[in-house]
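Right, one structure below, let's go through it.
The values are calculated or read from the model by the stated rules, or taken from the named source; none is laboratory data. Bear in mind that the values here come from a model prediction, so they are computed numbers and not experimental data. Methodologically, a virtual Cβ is constructed for each residue, glycine included, from the backbone with ideal geometry; neighbour enumeration extends over all protein chains shown. These accessible areas exclude ligands, DNA and RNA; they are computed on the full protein's heavy atoms, side chains included. Shrake-Rupley method; radii C 1.70, N 1.55, O 1.52, S 1.80 Å.
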Amino acid sequence: MTARVVITGMGVISPYGVGPAILWDKLMAGETGLKVLTSFDTSHIQCKVGGQFSDFRPESYISPRIVRKVDRFSTLGLISAQQALQDADLLLDNNKPTWSQQEHGGDRVGITVGNNLGGWEFAERELRNLWKSGPREVSPYMATAWFPAAVQGNVAIQFGIKGIGRTFLSDRASGALALTHAADCLIRGRADIMLAGGAEAPFSPYAALCYETSGFMSTRAADGSTDVYRPFDRAHDGLVAAEGAAFFVLERAEDALSRGAKVHAEVAGWATTHDGYDFVQCAPDGQRYAAAMTQAMDQAGVTAATLDCVFAAGSAVPDEDVSETRAIHLALGNEAPRVPVSTPKSAFGNLFGAAMPVDTAIALRSMQEKVIPAALHFDQPASGCDLDYVARTPRSIDRLDTCLVNARGIGGTNAVVLLRRWL
Amino acid sequence: MAQEFTQENVFARVEKIISVQVGSDTALSPGTHLQDDLGMDSLELVELSIALGNEFGIELPDADVHRCATLSDIVQLVQSAESEEKVKSV
C-alpha cells in the first residue's frame, strides 16, 4: 500500500505580516495587501504597486547576526521555516530541532525550496560597492546570499537538515514543484521529514526590472492604483508582485501519527506537466495543464464530482487566465461550472516562487473553516473566463474536504497539488 | 611601537569589531575562542579580515586570520603585520 503524505506544520509570511492568522483575518476582512512601492525608486518600471511587507522586523524572530548576512528572501524563508517546525512541534525550547538530539538525526530530514529571483537586494548593494569602491568592499556574504538556493542552504544549516536538498526555479510554479518533490521523496522513502515551501523578495530595482521585462506585469499599476491585480476579471492586465514565504512540514501519515503530530491536511495527489509550447506563452488549449489536474485527482481518487474547490494560479495575464479556465474545464468536465474557483492573491499580489505555497497555507485554513476566500478585485468575468470565481466576499460552503491548488510558471510549467481533509 | 598598536589598544579595537560582528554584549577576553566560543564561521573570518584591514590600515591575508584561534592570536597578528608594514616603509 502506498504511503500517505500529510502536512503537520505550516509557517507563512505574507504582505500582511507574519503568520497564517493575520493572512486569513485580512483576507476575511477584505483588506488589500497592495500598496505603492516605496523601498526603491520605481521610476524605471510601470508596475509601481506590490504586496510589500513594509514594517517587517526580522530581528524579532531570528538573530540579527543571521539577518545581516543574508538577503531578505532568505530571512523570509528562515522565519517561515522556523514557524513551520514550531507548528509541527519539531522545535525544542532553544529553537533547535528535535532531531538535533539524535546522532545522525538530520540525515533523514530534507528540504525543498521554490524561488524565482534570488537575493537581488543584497546583490545590487554589493555590486554598487564593487563598482564604487572595489572588490575589498564587497561583503564576503555575497558568496552565499544572492543565489536562489541560498534559502535551502541557510535553512539547512540553521536547523541541521542533512538529507535531500533541492531548490526549484520555475517561475510561479517553483514553490509547487518544491512541494510535489517533497511528497515524492517521502513516498519513495528517501526522507522521513521534508520541509518544503517557497520564498520570494522581488522588490529591488534590478529584480523588479527582470519581472517587468517579462511583459506580464500590470501596466494599470503605473498610477499607483491598488485594485489592479484582477485574475479572470474583464479588466485583467497582468501580474502584481508580492513578497513573502511559506513553508510546510510534510511527513508520511504513519510517522506523523506515531509521534502524535496534529495533521493539517493530506497531500493526497500531485502532478507536474509542461506545455512544451513556447518559452514565454502558455499553451492556449490548456491541455497539459488539465492533465496535471487530472493526474493529481486520479492519484487521490478524487473525481470532479467530489472536488470542492480550486485555488487557481490566477496570473491575471489575459491569455493565461483564458488558458487556465480552459484547463479547468477540460479537467472537471461537466462539473467545472459547479466548482468554486478562488484567487485570494488578488488582494495581496503574486509571490512568484512562493505563490503556490502561500495559496496552500490559505487553502488549509479554508478547509478548516469551510470558507472560500474571494478575489478582492473582480467585477465582471473576462471573455473566455466562465467559471464560478469567488468574488469580492468570502463564501461559506457546507463541504470543503478536497481542494486543488494550481500553479503555472512562464511558458507553461504546470504543477498541481490536491489537498484533502484528514479525517 | 606606535601608541595605537599597543596590546591594550589593539585588543580594545579588535574586541569592538568582533562584538559588532557576532552581536555580543558580553565582554570578550584575550582567550575567547573565535570558533568554539563565538561560533564564527569561515565567512565571518573573511569579514573580520577585511574589517581589521580597514581599522588598522594594514593588509591581512584571509588565510592568516583563519589560522588564529583566539582574540589574543588576532591581536598578535595585527601587531606583527603593523611591524612588518613599518619595516617596509623605512
field: Rounded to 5, the percent of DSSP beta bridges in chain A classed as antiparallel
entry: 65 percent
- request: Please report the buried accessible area for the interface of B with A, total over both chains, probe 1.4 Å, in Å² to the nearest 100.
  value: 1000 Å²
Mean Kyte hydropathy of 1.0 or more with a Cα span along the axis of at least 15 Å, helices from DSSP in chain A: A:174-187
- request: Figure the gain on full extension for A:D298 and A:S396 (residue separation times 0.36 nm, minus the Cα-Cα span) and round it to one decimal in nm.
  value: 32.6 nm
message: Residues of region A:402-423 with backbone nitrogen within less than 12 Å of a virtual label 7 Å along the Cα-to-Cβ line of A:Y277, please, listed as ranges.
response: A:409-414
task: Return a whole-number percent for the relative contact order of region A:251-354, with Cα pairs under 8 Å and 6 or more residues apart as the contact set.
output: 26 percent
- line: Plugging the Cβ-Cβ distance of B:A12 and A:R338 into 1/(1 + (r/R0)^6) at R0 = 60 Å yields, to the nearest 0.05, a FRET efficiency of 0.20
message: Suppose every Lys and Arg Cβ carries +1 and every Asp and Glu Cβ carries -1, with no other charges. What dipole size does chain A come out with about its Cα centre, to the nearest 20 debye?
response: 780 debye
- prompt: Ranked highest first by average number of other Cβ atoms within 10 Å, how do A:314-325, A:407-418 line up?
  reply: A:407-418, A:314-325
task: Report the calculated FRET efficiency for B:H66 and A:L209 (r = Cβ-Cβ distance, R0 = 41 Å), to the nearest 0.05.
output: 0.60
message: Can you give me the accessible area per residue for region A:5-265, using a 1.4 Å probe, in Å²?
response: 38 Å²
- request: Grab the other residues whose beta carbon is less than 11 angstrom from that of A:F73, score K and R as +1, D and E as -1, and report the net.
  value: -3
- prompt: When Lys and Arg each count +1 and Asp and Glu each count -1, what net charge do the other residues less than 10 Å away from A:H377, Cβ to Cβ, add up to?
  reply: -1
query: Roughly how many percent of the accessible protein surface of chain A is carbon and sulfur, given a 1.4 Å probe and a whole-percent answer?
result: 49 percent
field: Radius of gyration, Dmax [region A:5-265; alpha carbons; angstrom]
entry: 18.9, 58
message: Just to be sure I follow: if Rg is taken over the C-alpha atoms of region A:231-298 and Rh is the Kirkwood radius over the same atoms, what is Rg/Rh?
response: 1.11
- line: Per residue convex hull volume, Cα only, chain B, in Å³ is 82 Å³
Positive-end residue of A:N129, B:V87, A:S100, charge dipole of the protein assembly as shown with Cβ unit charges: A:S100
task: May I ask you to find the residues of region B:40-54 that are shielded by at least 20 Å² of accessible area once the whole protein assembly is considered instead of their isolated chain (probe 1.4 Å)?
output: B:L43, B:E44, B:E47, B:I50, B:N54
task: Using only the Cα atoms, work out Rg/Rh for the protein assembly as shown, with Rh taken as the Kirkwood radius, to two decimals.
output: 1.05
- request: Find the relative contact order for chain A and round it to a whole percent, using C-alpha pairs within less than 8 Å whose residues are 6+ positions apart.
  value: 23 percent
message: Could you tell me the calculated FRET efficiency between A:A143 and B:S19, based on Cβ-Cβ distance and R0 = 35 angstrom, to the nearest 0.05?
response: 0.90
task: Relative to the longest principal axis of the C-alpha atoms of chain B, give the angle of the C-alpha long axis of helix B:71-89, reported between 0 and 90° and rounded to the nearest 10°.
output: 20 degrees
message: Take A:Q368 and A:D192, extend 7 Å from each Cα along the Cα→Cβ direction, and tell me the distance between the two endpoints in nm.
response: 2.6 nm
message: About the Cα centre, and with charges only on the beta carbon of Lys, Arg (+1) and Asp, Glu (-1), how big is the dipole of region A:270-420? Nearest 20 debye, please.
response: 400 debye
Estimated distance in nm for a label pair at A:Q86 and A:L130, the labels positioned 7 Å out from Cα along Cα-to-Cβ: 3.7 nm
